[in-house]
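Asker: Take this structure, written in structure tokens, and hold onto it; I'll ask about it next.
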Amino acid sequence: MTDVHITIANKTYAGAAQPTIADFHLSLRANEFVCLVGSSGCGKTTLLNCLSGLDNQYDGEIQVGQQHSAPKIGYIFQNPRLLPWRTVRENIELVLEPHQSPELINPLLDIMQLTQVQHEYPERLSVGMNRRVAIIRAFAVNPDLLLMDEPFVSLDPPTARDVRSLLLQLWQQRPHTVLFVTHDLREAIALADRLIFLAAAPMRVISDIVVPIARTQRHDEAAIEQFRQQLINNHPDIKQLL
Amino acid sequence: MQFNKYLPSLSLLVFLAVWQGAASTLHSNNTLPAPYTVAIVFWQAVVSGQLPYHLGMTLMRLVVSFSISMLLGCAIGIVLGRNKALNAFFDHWLVIFLNVPALVTIILCYVWFGLVESAAILAVVINKLPNVIVTIREGTRALDTDLMDMARCYHFSKTKTLRHVILPQLQPFLMGATRSGLALIWKIILVVELLGRSNGMGYQLHLFFQMFDVASILAYTIAFVAVIQLIELLILKPLDKQALRWRR
């Protein structure tokens, strides 16, 4: 299976006085859903860019599974980054590899409730729908590692909640190893198997906490709030992030 | 509101009336022939096959030189837009070629390569190419880096990136280069033909000038304008519509 081991000894932007990321270690088990929680600007997006191969200028090693070829990465960006001149379906089909059949998109569209609008252009759809398309696109490549960079940040709370629950539904049907970046602790608790709290400048792990709430209870806001309070009380070191 | 529909036809009629009025006042069929006279000359030139032949030759040169300039110009423009070092190196070349007068390149091409078809086409291409390069380079600089990163992250091949990510973003620039290109190339081709070819619109206009045949000059001009309008109406407008169908 695809265990993921990340080591970034040093990532310093050209011209920057101090590293953005230093001595960073993180391992993910196969099909684990891990949330990175940290303040904005602490280097989370930089980390995802290193993992996705968009940024190669760092010291470290990223090992995804046992394979030696380049890992398949699904990346859900902060903005959906869909091609506005291609329909929903075309946007998803474009990322498929030659051996993948376009048919396999259909069940994904079904789960995300987009079958009706698959031939529409993204600009004619709501922002929430565009996010769902971006989620499907990332799942469609059947990635070894799924990266999500605050994908719900600009949505209004009810829409965010809907898309979040659809994402969980999809992930439970098709488990993947997920690294989800957020600064919203409630969102992190609702989604993750494990929370990683990050300090800034340079970015490093300060706490690694397993979320004990059962998957069936995740829609229960009271349970999430209770765990959040418990976290705040028991971990003074992460208080500044919350 | 219904009235607006007829405005274009009405304006055309008014134009013809003004022309007719001016021709009647001047009373000189040599300097300004009446629309009716021009129509007859036009019809005779069409029937004799002269006008279609020469217009066809000019159109052929237009299509060939336009295609070469657009293809080369897009390729070079995209490369320069994405590569800072190459752009810094070739920027001055571009400025030089942009500012060499068309007449100079035409004369030089004929002097160096002789009065042959390829020299004529080359002269037109050299005149148009820098314009296309500059337009497409600007467009390439404005490409959305978010979408380029997305394409890289999902391992889009070069051709896939070009076709689905880059070219749609360059579409307005391509249409701009096409429209300004057609207008420019027409005019240069006429000069090229006038100086060194024995057929085509430019060659014919030169003959008519020597014979002070204003009616023929006007008849050929009308054919000319009509063809350009047809290209706009039948090719460019539908392309515009097709390319912008995704907009809200």
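Asker: Given A:ARG204, A:ARG228, which one is basic (Lys, Arg), assigned to a strand (DSSP E or B) and out of contact with any His (no Cβ under 6 Å at 6 or more places or on another chain)?
Answerer: Working: A:ARG228 fails: assigned to a strand (DSSP E or B).
None of the others qualify; the one that does is A:ARG204.
Asker: In region A:47-61, which residues are more than 9 Å from chain B (Cβ to nearest Cβ) and buried (at least 18 other Cβ atoms within 10 Å of the Cβ)? Talk me through it step by step, then tell me what you get.
Answerer: The first filter runs over region A:47-61 and keeps only residues more than 9 Å from chain B (Cβ to nearest Cβ), leaving A:47-48, A:50-51, A:55-61.
A:LEU47, A:LEU48, A:CYS50, A:LEU51, A:TYR58 - these are the residues of region A:47-61 that are more than 9 Å from chain B (Cβ to nearest Cβ) and buried (at least 18 other Cβ atoms within 10 Å of the Cβ).
Asker: Another question, if that's okay. Of the residues B:GLY49, B:GLY56, which single one is out of contact with any helix residue (DSSP H, G or I) (no Cβ under 7 Å at 6 or more places or on another chain) and either surrounded by 11 or more Cβ atoms within 10 Å (Cβ to Cβ) or in contact (Cβ under 8 Å) with a residue 24 or more places away in the chain (or both)?
Answerer: Values: B:GLY49 fails: either surrounded by 11 or more Cβ atoms within 10 Å (Cβ to Cβ) or in contact (Cβ under 8 Å) with a residue 24 or more places away in the chain (or both).
Just one listed residue meets the conditions, B:GLY56.
Asker: Now, a different point. Please state which one of A:ILE105, A:ILE111 is surrounded by 14 or more Cβ atoms within 10 Å (Cβ to Cβ), of a type in the set (Val, Ile, Thr), more than 13 Å from the chain's Cα centre (by Cα) and within 20 Å of A:LEU191 (Cβ to Cβ). Reasoning before the result, please.
Answerer: Values: A:ILE105 fails: within 20 Å of A:LEU191 (Cβ to Cβ).
Checking each option against the conditions leaves just A:ILE111.
Asker: Let me ask you something else. Of all residues being more than 8 Å from chain A (Cβ to nearest Cβ) and of a type in the set (Ser, Thr, Tyr) in region B:133-171, which is surrounded by the most Cβ atoms within 10 Å (Cβ to Cβ)? Just the residue, please.
Answerer: B:THR135
Asker: Can you confirm whether A:GLN78 is closer than 27 Å to B:GLN242 by Cα, modelled with pLDDT of 85 or more and either out of contact with any helix residue (DSSP H, G or I) (no Cβ under 8 Å at 6 or more places or on another chain) or assigned to a loop (DSSP other than H, G, I, E, B) (or both)? Walk me through it before giving the result.
Answerer: Details: closer than 27 Å to B:GLN242 by Cα: no; modelled with pLDDT of 85 or more: yes; either out of contact with any helix residue (DSSP H, G or I) (no Cβ under 8 Å at 6 or more places or on another chain) or assigned to a loop (DSSP other than H, G, I, E, B) (or both): yes.
Taking the combined requirement at face value, the residue does not satisfy it.
Asker: If you don't mind, another one. Within region A:93-151, track down each residue that is more than 14 Å from chain B (Cβ to nearest Cβ), in contact (Cβ under 8 Å) with a residue 12 or more places away in the chain and among the acidic types (Asp, Glu).
Answerer: Correct list: A:GLU150 only.
Asker: Please determine whether any residue of region A:183-200 is part of a strand (DSSP E or B), at negative phi and without any contact (Cβ under 8 Å) to a residue 24 or more places away in the chain. Steps first, answer last, please.
Answerer: Within region A:183-200, the subset part of a strand (DSSP E or B) is A:194-199.
Checking the rest, the ones that are also at negative phi come to A:194-199.
Still in the list and also without any contact (Cβ under 8 Å) to a residue 24 or more places away in the chain: none.
No, the conditions are met nowhere in region A:183-200.
Asker: Any idea which of (1) surrounded by fewer than 19 Cβ atoms within 10 Å (Cβ to Cβ); (2) away from chain A (no Cβ under 14 Å) is the one B:GLU193 doesn't satisfy?
Answerer: Of the numbered conditions (1) surrounded by fewer than 19 Cβ atoms within 10 Å (Cβ to Cβ); (2) away from chain A (no Cβ under 14 Å), the odd one out for B:GLU193 is (1).
Asker: I'd like to verify a number: residues in region B:21-38 that are surrounded by 14 or more Cβ atoms within 10 Å (Cβ to Cβ) and without any contact (Cβ under 8 Å) to a residue 40 or more places away in the chain, how many?
Answerer: Filtering region B:21-38 for residues surrounded by 14 or more Cβ atoms within 10 Å (Cβ to Cβ) gives B:23, B:32-35, B:37-38.
Next cut, without any contact (Cβ under 8 Å) to a residue 40 or more places away in the chain only: B:23, B:34-35.
Of the residues in region B:21-38, 3 are surrounded by 14 or more Cβ atoms within 10 Å (Cβ to Cβ) and without any contact (Cβ under 8 Å) to a residue 40 or more places away in the chain.
Asker: Kindly check whether there is at least one residue in region B:209-216 that is at pLDDT 90 or above, closer than 23 Å to B:ASN127 by Cβ and not hydroxyl-bearing (Ser, Thr, Tyr).
Answerer: Yes, that holds for at least one residue.
Asker: Going by the conditions given, is A:THR159 over 24 Å from B:LEU147 (Cα atoms), surrounded by 15 or more Cβ atoms within 10 Å (Cβ to Cβ) and either within 14 Å of chain B (Cβ to nearest Cβ) or β-branched (Val, Ile, Thr) (or both)? Full working, then the answer.
Answerer: On the way: over 24 Å from B:LEU147 (Cα atoms): yes; surrounded by 15 or more Cβ atoms within 10 Å (Cβ to Cβ): yes; either within 14 Å of chain B (Cβ to nearest Cβ) or β-branched (Val, Ile, Thr) (or both): yes.
So A:THR159 passes the test.
Asker: Take B:LEU230 and decide whether it is within 14 Å of chain A (Cβ to nearest Cβ), part of a helix (DSSP H, G or I) and within 23 Å of the chain's Cα centre (by Cα).
Answerer: Values: within 14 Å of chain A (Cβ to nearest Cβ): no; part of a helix (DSSP H, G or I): yes; within 23 Å of the chain's Cα centre (by Cα): yes.
Considered against the rule, which asks whether it is within 14 Å of chain A (Cβ to nearest Cβ), part of a helix (DSSP H, G or I) and within 23 Å of the chain's Cα centre (by Cα), B:LEU230 comes out as no.
The values are calculated or read from the model by the stated rules, or taken from the named source; none is laboratory data. Computed from a predicted model, the values in this text were never measured in an experiment. All Cβ positions, even for glycine, are placed from backbone atoms using ideal geometry, and neighbour counts span all protein chains on display.
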